[in-house]
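Colleague: Once you've had a glance at the structure underneath, I'll fire off some questions.
The values are calculated or read from the model by the stated rules, or taken from the named source; none is laboratory data. Just so it is clear, the structure is predicted and the values come from calculations on it, not from any experiment. In this analysis, Cβ positions are derived from the backbone assuming ideal geometry, glycine residues included, and neighbour counts consider all displayed protein chains. Accessible surface areas use protein heavy atoms only, side chains included; no ligands, DNA or RNA. Shrake-Rupley method; radii C 1.70, N 1.55, O 1.52, S 1.80 Å.
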Amino acid sequence: MLKNHLIIVFGMEHYNPLGLIRTLGRYGIHPVYIAIKGRGVASSKSKYKKKVHYVDTIEEGYDVLLKEYSNMPQKPFVLTTDDDVQSILDVNYSKLKDMFIMYHAGTDGRVTEYMDKKRILEIAEKHGLKVLPTVVTDRGIVPENLEYPVITKAISPTEANWKKNVFICESEEELREAFEQIACSKVLIQKFVEKKNELCLDGFTIDQGRQSFIPMGTNYNYLIRGYYSPYMTAFNFEDQEMLGSINSMFEEIGFEGIFSVEFIIDQDDTCYFSEVNFRNSTWNYIATFIDMPIPLLWCEAMLTGKIDQNWKKTFPDHFTAMTEPIDYKIRVEGGNVDLAQWLMEFKTTDVPFYLDAEDPEPFRAMVNNWRVFS
């Protein structure tokens, strides 16, 4: 049944779509890739793609989607890997819903509404998840009664260069200095905690959020202050109370799609909700290696209206994954481990995000343009 539907991957040239394309390809499905040009080429080199449309902008990609694929005999699936790509489809949901099967929350712009970090924090807290004290302010305006240190963030992941708006500030003076470099007009300021780790949960929902499948969690094998780590361990997540809160949150939103939910783990093991990514997560490629292809399972569930909990597989102990070029830059070039140790860990990693003996060209392209990908 699924093979009657074309699958379209739409996103920036990056290792996120590479994992998605390889997941589909391992199960005999060759997707079309609408590739927004980045600084380098890797994902589009995969042998598993059916066709690649290279575009310069999201808007150009959207036009290709409508022109080439809006009148197919069976509605194609559109799987997004970037927040801003997801947002343009979301705000045009009523126009697209009869042409494509895609991530959505039932009305135009509703997913984009919950990409707002303050909005998603509010609904997460409503459904029983712990959140850190947070305020939103205009750039340059220091709120009263802040408890330092704080971390600054763009209010939305669709902000241009949103990661450059992240600053950890130990004092009001440092916050004022950060305002001089922050580009976004609205700034989210959150209490900063020295994390013990992070938790990322990957899964999907169907049936307007009433059914969910969350089979996978990841923790990081080392920490980077204010940022995520490119070396991680995957496992089955079983905290039913937290899963219940997440499920009820998605049901209120009405979301149908693939997602990841991120948490900060404090030194006392308290999990603080951070954000939701309402699109394909890079990390869910890990589950493909234990015969649990999350993107394909979502497509199947959308067609049948059912989630089979028997799809859940058990991760082996110490099941690791690595983003090779970024990890090498941080740990080897950064002087944190020697090359011999890194090579040993690289060789024993269960899931490298670029290296694949069955699909070698993306790895070669990455190595040939190392600095772009690290």
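Colleague: For region 26-47, which positions are β-branched (Val, Ile, Thr), open to solvent by less than 40 Å² (accessible area, probe 1.4 Å) and touching a helix residue (DSSP H, G or I) at 6+ places or on another chain (Cβ under 7 Å)? Outline the logic, then answer.
Modeller: Narrowing region 26-47 to residues β-branched (Val, Ile, Thr): 29, 32, 34, 36, 41.
After this cut, where a residue has to be open to solvent by less than 40 Å² (accessible area, probe 1.4 Å) as well, the list is 29, 32, 34, 36.
Listed by number, the residues that qualify are Ile29, Ile34, Ile36.
Colleague: Now for a different question. Here's a check for you: in region 120-145, which residue that is open to solvent by 40 Å² or more (accessible area, probe 1.4 Å) and at pLDDT below 95 is nearest to Glu194 (Cα to Cα)?
Modeller: Here the residue is Pro133.
Colleague: Please name all residue pairs, on different chains or six or more residues apart, with Cβ atoms under 7 Å, provided the first residue is in region 259-281 and is open to solvent by 10 Å² or more (accessible area, probe 1.4 Å) and the second residue is assigned to a loop (DSSP other than H, G, I, E, B) and among the hydroxyl-bearing types (Ser, Thr, Tyr).
Modeller: Hits for this filter: Arg279/Thr81; Arg279/Tyr103.
Colleague: Considering region 236-265 alone, what residues qualify as being in contact with an Asp or Glu (Cβ under 8 Å, 6 or more places away or on another chain) and either in a helix (DSSP H, G or I) or not β-branched (Val, Ile, Thr) (or both)?
Modeller: Selection gives Glu256, Phe259, Ser260, Glu262, Phe263.
Colleague: Check off (1) assigned to a helix (DSSP H, G or I); (2) open to solvent by 30 Å² or more (accessible area, probe 1.4 Å); (3) small (Gly, Ala, Ser) for Gly19 and give me the number that stays unchecked.
Modeller: Evaluating Gly19 over (1) assigned to a helix (DSSP H, G or I); (2) open to solvent by 30 Å² or more (accessible area, probe 1.4 Å); (3) small (Gly, Ala, Ser) leaves (2) as the failure.
Colleague: I would also like to ask the following. Those residues that are of a type outside the set (D, E, K, R) and over 19 Å from Ser87 (Cβ atoms), I need them from region 250-269; list them, please.
Modeller: Going through region 250-269, the residues of a type outside the set (D, E, K, R) turn out to be 250, 253-255, 257-261, 263-265, 267.
Within region 250-269, Phe263, Ile264, Ile265, Gln267 meet the criteria.
Colleague: I need every pair where a residue in region 100-122 that is within 9 Å of Glu256 (Cβ to Cβ) has its Cβ under 7 Å from the Cβ of a residue that is of a type in the set (S, T, N, Q) and open to solvent by less than 40 Å² (accessible area, probe 1.4 Å), sequence separation at least 6 or different chains.
Modeller: Correct list of pairs: Tyr103/Thr80; Tyr103/Gln86.
Colleague: Looking at region 303-323, I want the residues that are in contact (Cβ under 8 Å) with a residue 12 or more places away in the chain and have a partner that is part of a helix (DSSP H, G or I) and buried (at least 17 other Cβ atoms within 10 Å of the Cβ) with Cβ atoms under 6 Å, at least 6 apart or on another chain. Which pairs are those?
Modeller: These pairs meet every condition: Ile307/Ala301; Trp311/Leu297; Ala321/Ile286.
Colleague: Surrounded by fewer than 20 Cβ atoms within 10 Å (Cβ to Cβ) and modelled with pLDDT of 95 or more: which single residue out of Glu251, Glu198, Glu238, Glu256 fits that description? Spell out the reasoning first.
Modeller: Details: Glu198 fails: surrounded by fewer than 20 Cβ atoms within 10 Å (Cβ to Cβ); Glu238 fails: modelled with pLDDT of 95 or more; Glu256 fails: surrounded by fewer than 20 Cβ atoms within 10 Å (Cβ to Cβ).
Answer to the check: Glu251.
Colleague: Being closer than 21 Å to Arg225 by Cα and surrounded by 15 or more Cβ atoms within 10 Å (Cβ to Cβ) narrows it down to one of Gln190, Gln181, Gln208, so name that one. Before you say what the answer is, go through the steps one by one.
Modeller: Values: Gln181 fails: surrounded by 15 or more Cβ atoms within 10 Å (Cβ to Cβ); Gln208 fails: closer than 21 Å to Arg225 by Cα.
Answer to the check: Gln190.
Colleague: Hey, could you check region 93-119 for residues that are among the polar types (S, T, N, Q) and surrounded by fewer than 16 Cβ atoms within 10 Å (Cβ to Cβ) and say which is nearest to the chain's Cα centre (by Cα)? Lay out the reasoning, then the answer.
Modeller: First pass over region 93-119, keeping only residues among the polar types (S, T, N, Q): 94, 107, 112.
Cutting the leftovers down to surrounded by fewer than 16 Cβ atoms within 10 Å (Cβ to Cβ) gives us 94, 107.
Details: Ser94: 24, Thr107: 22 Å.
If we take residues in region 93-119 being among the polar types (S, T, N, Q) and surrounded by fewer than 16 Cβ atoms within 10 Å (Cβ to Cβ), then Thr107 is nearest to the chain's Cα centre (by Cα).
Colleague: Right, something else. Of all residues in region 146-184 being of a type in the set (Ser, Thr, Tyr) and modelled with pLDDT of 90 or more, which is farthest from Ala124 (Cα to Cα)? Give the derivation first.
Modeller: First, pick out the residues of region 146-184 that are of a type in the set (Ser, Thr, Tyr): 148, 152, 156, 158, 171.
Retained after the next criterion (residues that are modelled with pLDDT of 90 or more): 148, 152, 171.
On the way: Tyr148: 23, Thr152: 19, Ser171: 28 Å.
Looking at residues that are of a type in the set (Ser, Thr, Tyr) and modelled with pLDDT of 90 or more, I get Ser171.
Colleague: Determine which member of the set Lys329, Lys312 is out of contact with any strand residue (DSSP E or B) (no Cβ under 8 Å at 6 or more places or on another chain) and either open to solvent by less than 70 Å² (accessible area, probe 1.4 Å) or not hydroxyl-bearing (Ser, Thr, Tyr) (or both).
Modeller: Details: Lys312 fails: out of contact with any strand residue (DSSP E or B) (no Cβ under 8 Å at 6 or more places or on another chain).
Exactly one residue qualifies, and that residue is Lys329.
Colleague: Which members of region 351-374 meet the condition of being open to solvent by 40 Å² or more (accessible area, probe 1.4 Å) and in contact with a Lys or Arg (Cβ under 7 Å, 6 or more places away or on another chain)?
Modeller: Of all residues in region 351-374, those open to solvent by 40 Å² or more (accessible area, probe 1.4 Å) come to 355, 357-358, 360-361, 363-364, 367-371.
Scanning region 351-374 gives a single hit, Glu361.
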